[in-house]
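Student: Let me begin by handing over the structure; questions about it come next.
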Amino acid sequence: MVPAPATDSRRVVLLRKNLDETLAPDAALASVAALAGGLEPGELLAVHTRTDLASTAPWQALSGPDLRTLVCSFAPDDHELFLWRAPPELSESASAIVGGELTVDVRALAPPLALLASVAAIARLLPGEVLIHVGDRPPLLLLGLLVGRAAVSGPRWLDAGVRSRVVRLPDPAAGERPAPPTGEGRLTPSVTV
């Protein structure tokens with residue numbers, strides 16, 4: 001029997017975790033490290049926290065020879081830490097000005113990089129700014145990550161891909177919590193193929 005040829009899988013498994021803010025920093029790091037250590041290629045862990053991770057050195061220790069991290073901040077108390085197995089590597093930017101509009105075109109990026117490049121570009125937007133997202137399919141996983149952070153209109157199917165308009169929402173009022181994944185400290189899995 002001849003094995004089937006290998007195909008370029010577009011499958012992405014997204015695991016979302018809402019970090020328990022009552023955990024001590026070492027315990028929080030250990031809980032995320034345990035999950036990240038079990039990631040397989042094509043799986044992405046998104047950890048939501050109210051703590052600004054960009055300025056927290058212990059989280060950088062999770063990055064290693066085969067594990068990559070990306071921190072995105074959406075508001076002063078709304079942050080996501082993304083972890084995935086390398087390869088693939090995330091390039092600096094997939095966004096450009098096209099026809100006078102800021103556009104992120106992720107059609108050529110392998111999963112989970114398409115999702116990561118999109119989230120990173122949207123996190124850099126100021127409230128009210130617009131980004132055009134171009135992909136080879138509707139951005140279903142992206143929609144779940146953007147709840148309470150951005151509004152997505154479209155998508156429009158074109159011959160060259162799926163085009164969606166993303167508008168960054170205003171930051172939540174002081175004291176209001178952004179919409180995190182459901183379930184404090186639990187994992188929420190999502191899969192797209």
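The values are calculated or read from the model by the stated rules, or taken from the named source; none is laboratory data. Since the structure is predicted, the reported quantities are computational estimates derived from the model, not experimental observations. Quick reminder, even Gly has a Cβ in these numbers, built from the backbone with ideal geometry, and neighbours come from all protein chains shown. Heavy atoms of the whole protein, side chains included, go into the accessibility calculation; ligands, DNA and RNA do not. Shrake-Rupley method; radii C 1.70, N 1.55, O 1.52, S 1.80 Å.
Student: Of the residues that sit in region 1-22 and are among the hydrophobic types (A, V, I, L, M, F, W, C) and at pLDDT below 85, which one is nearest to GLN60 (Cα to Cα)?
Tutor: So the residue we want is VAL12.
Student: Let me ask another. Within the group PRO155, PRO138, which residue is at pLDDT below 90, open to solvent by less than 70 Å² (accessible area, probe 1.4 Å) and in a strand (DSSP E or B)? Don't jump to the end; show me each part of the working.
Tutor: On the way: PRO138 fails: in a strand (DSSP E or B).
On inspection, the qualifying residue turns out to be PRO155.
Student: So, ALA27, is that one at pLDDT 85 or above and either of a type in the set (A, V, I, L, M, F, W, C) or open to solvent by 40 Å² or more (accessible area, probe 1.4 Å) (or both) or not?
Tutor: yes
Student: Can you say whether GLU80 is touching a helix residue (DSSP H, G or I) at 6+ places or on another chain (Cβ under 9 Å), of a type in the set (Asp, Glu) and open to solvent by less than 40 Å² (accessible area, probe 1.4 Å), as far as the supplied structure shows?
Tutor: Against the criterion (touching a helix residue (DSSP H, G or I) at 6+ places or on another chain (Cβ under 9 Å), of a type in the set (Asp, Glu) and open to solvent by less than 40 Å² (accessible area, probe 1.4 Å)), GLU80 qualifies.
Student: Please go through (1) touching a residue at least 40 places away in the same chain (Cβ under 8 Å); (2) in a helix (DSSP H, G or I); (3) touching a strand residue (DSSP E or B) at 6+ places or on another chain (Cβ under 6 Å) for LEU115 and return the number of the only condition it doesn't satisfy.
Tutor: Condition (3) is where LEU115 drops out.
Student: Here's a follow-up. Hey, any hits in region 91-101 for a residue that's modelled with pLDDT under 75 and acidic (Asp, Glu)?
Tutor: Yes, region 91-101 contains a residue that is modelled with pLDDT under 75 and acidic (Asp, Glu).
Student: Right, another one. Filter region 118-135 for residues that are open to solvent by 20 Å² or more (accessible area, probe 1.4 Å), part of a loop (DSSP other than H, G, I, E, B) and among the aliphatic types (A, V, I, L, M) and give the result.
Tutor: LEU126
Student: Kindly list the number of the only condition in (1) more than 16 Å from the chain's Cα centre (by Cα); (2) closer than 18 Å to ALA33 by Cα that fails for PRO76.
Tutor: (2)
Student: So, one more: Restricting to region 20-74, name every residue that is charged (D, E, K, R) and free of Cβ contacts under 8 Å to residues at least 60 places away in the same chain.
Tutor: Residues satisfying the conditions are GLU21, ASP26, GLU40, ASP52, ASP66, ARG68.
Student: Assess whether GLY99 counts as being more than 15 Å from the chain's Cα centre (by Cα), without any contact (Cβ under 8 Å) to a residue 40 or more places away in the chain and open to solvent by 40 Å² or more (accessible area, probe 1.4 Å). Outline the logic, then answer.
Tutor: Values: more than 15 Å from the chain's Cα centre (by Cα): yes; without any contact (Cβ under 8 Å) to a residue 40 or more places away in the chain: yes; open to solvent by 40 Å² or more (accessible area, probe 1.4 Å): yes.
So GLY99 passes the test.
Student: Could you check THR49 against (1) surrounded by 11 or more Cβ atoms within 10 Å (Cβ to Cβ); (2) under 22 Å from PRO111 (Cα atoms); (3) at pLDDT 85 or above and say which number it fails?
Tutor: The failed condition is (2).
Student: Within the group LEU70, LEU90, which residue is in a strand (DSSP E or B) and of a type outside the set (D, E, K, R)?
Tutor: Matching residue, one of LEU70, LEU90: LEU70.
Student: Can you say whether ARG107 is part of a loop (DSSP other than H, G, I, E, B), basic (Lys, Arg) and modelled with pLDDT of 75 or more, as far as the supplied structure shows?
Tutor: Considered against the rule, which asks whether it is part of a loop (DSSP other than H, G, I, E, B), basic (Lys, Arg) and modelled with pLDDT of 75 or more, ARG107 comes out as yes.
Student: Let me ask something else. Looking at (1) open to solvent by 70 Å² or more (accessible area, probe 1.4 Å); (2) under 20 Å from HIS48 (Cα atoms), which is the only condition ALA108 fails?
Tutor: (2)
Student: Look at LEU23 and say whether it is among the hydrophobic types (A, V, I, L, M, F, W, C) and within 27 Å of LEU169 (Cβ to Cβ).
Tutor: So LEU23 does not fit the description; no.
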